[in-house]
1. If I filter region 151-169 for residues that are without any contact (Cβ under 8 Å) to a residue 40 or more places away in the chain, over 31 Å from the mean Cα position of the chain (by Cα) and assigned by TED's automatic domain parsing to the domain that holds A107, do I get at least one hit?
2. If the Cβ limit is 7 Å and pairs must be 6+ apart or interchain, which residue in region 359-379 that is over 18 Å from G323 (Cβ atoms) pairs with which residue that is hydroxyl-bearing (S, T, Y) and more than 6 Å from the ligand (Cβ to nearest atom)?
3. Any residue that is more than 15 Å from the ligand (Cβ to nearest atom) and modelled with pLDDT under 95 - is there at least one of those in region 371-378?
4. Identify all residues within region 197-217 that are crowded, with 24+ Cβ neighbours inside 10 Å and not small (G, A, S); write none if there are none.
5. Residues to consider are A367, A390; find the one that is in a helix (DSSP H, G or I) and either within 16 Å of the ligand (Cβ to nearest atom) or under 15 Å from K443 (Cα atoms) (or both).
6. Could you list all residues from region 348-364 that are among the hydroxyl-bearing types (S, T, Y) and more than 11 Å from the ligand (Cβ to nearest atom)?
7. How many residues does region 138-149 hold that are surrounded by fewer than 18 Cβ atoms within 10 Å (Cβ to Cβ) and either without any contact (Cβ under 8 Å) to a residue 24 or more places away in the chain or touching a Lys or Arg at 6+ places or on another chain (Cβ under 8 Å) (or both)?
8. Taking into account only those residues within region 270-329 that are charged (D, E, K, R), more than 16 Å from the ligand (Cβ to nearest atom) and over 10 Å from the mean Cα position of the chain (by Cα), which is surrounded by the most Cβ atoms within 10 Å (Cβ to Cβ)?
Amino acid sequence: MTPAHPTDSAPDRARFVGWLREVAPYVHAFRGRTFVVGCAGELIAAGRLDALVHDLSLLHALGIRLVLVHGSRPQVQAQLAAKGVESRYSRGLRITDAAALACAKEAMGAIRLDIEAAFTQGLPSTPMAHARIRVVGGNFVVARPVGILDGIDFEHTGVVRKVDAEAIRALLDAGHIVLAGPLGYSATGEAFNLTMEDVAAQIAAALGADKLVLITDIDGVRDRAGTHYAELTVAQAENMLAAGEVEADAAYNLPYLLRACRQGVARAHVLPYALDGALLLELFTHGGVGSMVTAEALETLREAGVDDVGGILKLLAPLEEDGTLVRRPRELIEREIAGFTVLEHDGLIYGCAALYAWPEATMGELAALAVDPARQKDGAGERLLKRIEARAREQGLRRLFVLTTRTAHWFIERGFVAADVDDLPLQRQQLYNWQRRSQVLIKDL
Ligand SMILES: CC(C)(COP(=O)(O)OP(=O)(O)OC[C@H]1O[C@@H](n2cnc3c(N)ncnc32)[C@H](O)[C@@H]1OP(=O)(O)O)[C@@H](O)C(=O)NCCC(=O)NCCS
């Protein structure tokens, strides 16, 4: 018997279509953007490279410009162990002697070949069918030695000194995925062992990337009490680090995310490789699965501008279709945009409401109140209502009314009371649609 397909039953089909539609705004928002993805060597050691490559090939197909930076820590470790050489660390950094450097070079070569092979697979009926992706590596990273710290010579351990952003950009422009690893070369022609996190963060900063994503062995940023943070602003993260509140593994990753953000990367994420599809979940769902650091708070409740018309139309369309809201053509919304308030998260509009003033009657009309179904029941509707009430008060209006066919109880629970068409401003009475027979509800402000 063939196993059940996720679209075999009607509810499954509806859910599948719903998911795809939910993803559409992100697809639009991400096209042509540059993401730098750093994957820890542990991901490769855990046998998850193919899955990551499948997900990256999907992002590539969606028009996202990708740089993949891989780590090699466990691979170098394994090589050293096989040769009976002891690994030495200080301050969380490997001390790279000649033997360790040889292992780092070998590990990097082997990983690179595995990545190139994974991007080349193209069997039918796999996520890589028709993919035809070119991955291109090169000498993009100039390194310098860490030097001697606390009397300890780190030898061939280095840090990123410069990134050849121009070369990387040219390759991205040509449609390639750019590959980089944790080795860099100095002006004296030597190779230096770097950390994947340093390389990824510096490349992201040099490119002015839209996102830096580190896929590592932690599930995001947690504080010492174990609380997980899905979103943090730079200021919040800096305060937590300074107060020693960040759990140890996250405290290692977080400074790289912060540095990237401070240097102009809009968002920096850390995700667990242990969760299959973590990259897709983080990018295409509202809450994500890891932690995201942003220069500024992501969630805003603000007055709308012309750039928001598209987002508002998308939000209202299904509600107009099913008759919950009256139809408003694009031109009307464009004309009346100044009366709209929107709720935005990470650049996407997910709630809106409009205020129309009837100054002669000192009344305001609340209209087009809508919250994306995926984000309802979280107080968003209430926050929009409060903002509209505040805007009405600022304009000297004394009462707010709403005409509704299906949402009367929601408004009644928030202080509105039933009224008659006669209670509306005179001009509004003339516009009342007797076929729609909406209920009139009024609230004193
Ligand atoms: C009405 C709406 C804006 C509320 O948004 P929201 O972000 O979920 O609002 P809140 O989180 O502040 O409130 C959620 C509460 O309202 C309740 N609610 C939602 N729709 C309701 C309705 N039509 N009638 C009565 N209560 C309703 C929810 O059940 C929830 O209460 P609960 O948690 O006790 O179950 C949203 O449901 C929506 O967009 N609806 C479709 C458009 C619409 O009807 N607009 C008003 C036209 S004038």
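The values are calculated or read from the model by the stated rules, or taken from the named source; none is laboratory data. As the structure is a prediction and not an experimental result, all values here were calculated from the model. Positions of Cβ are generated from backbone atoms using ideal geometry, with glycine treated the same way; all protein chains shown enter the neighbour counts.
1. yes
2. Pairs found: G364/Y356; E365/Y356; D372/Y350; R375/Y350.
3. The answer is no, given that none of the residues of region 371-378 is more than 15 Å from the ligand (Cβ to nearest atom) and modelled with pLDDT under 95.
4. E197, V199, Q202, I203, L212, V213, L214, I215, T216
5. On the way: A367 fails: in a helix (DSSP H, G or I).
None of the other options fit; the residue is A390.
6. Looking only at region 348-364, we keep the residues that are among the hydroxyl-bearing types (S, T, Y), and these are 350, 356, 362.
Y356, T362, listed by residue number.
7. First, the residues of region 138-149 that are surrounded by fewer than 18 Cβ atoms within 10 Å (Cβ to Cβ): 138-139, 142, 144, 147-149.
From what's left, either without any contact (Cβ under 8 Å) to a residue 24 or more places away in the chain or touching a Lys or Arg at 6+ places or on another chain (Cβ under 8 Å) (or both): 142, 144, 147-149.
Qualifying residue count, region 138-149: 5.
8. At the first step, the residues of region 270-329 found to be charged (D, E, K, R) are 276, 282, 296, 299, 302-303, 307-308, 314, 320-322, 327-328.
Next, only the ones that are more than 16 Å from the ligand (Cβ to nearest atom) stay: 276, 282, 296, 302-303, 307-308.
Then drop every residue that is not over 10 Å from the mean Cα position of the chain (by Cα), which leaves 276, 296, 302-303, 307-308.
On the way: D276: 12, E296: 10, R302: 12, E303: 14, D307: 9, D308: 20.
Among those residues, the one meeting the criterion is D308.
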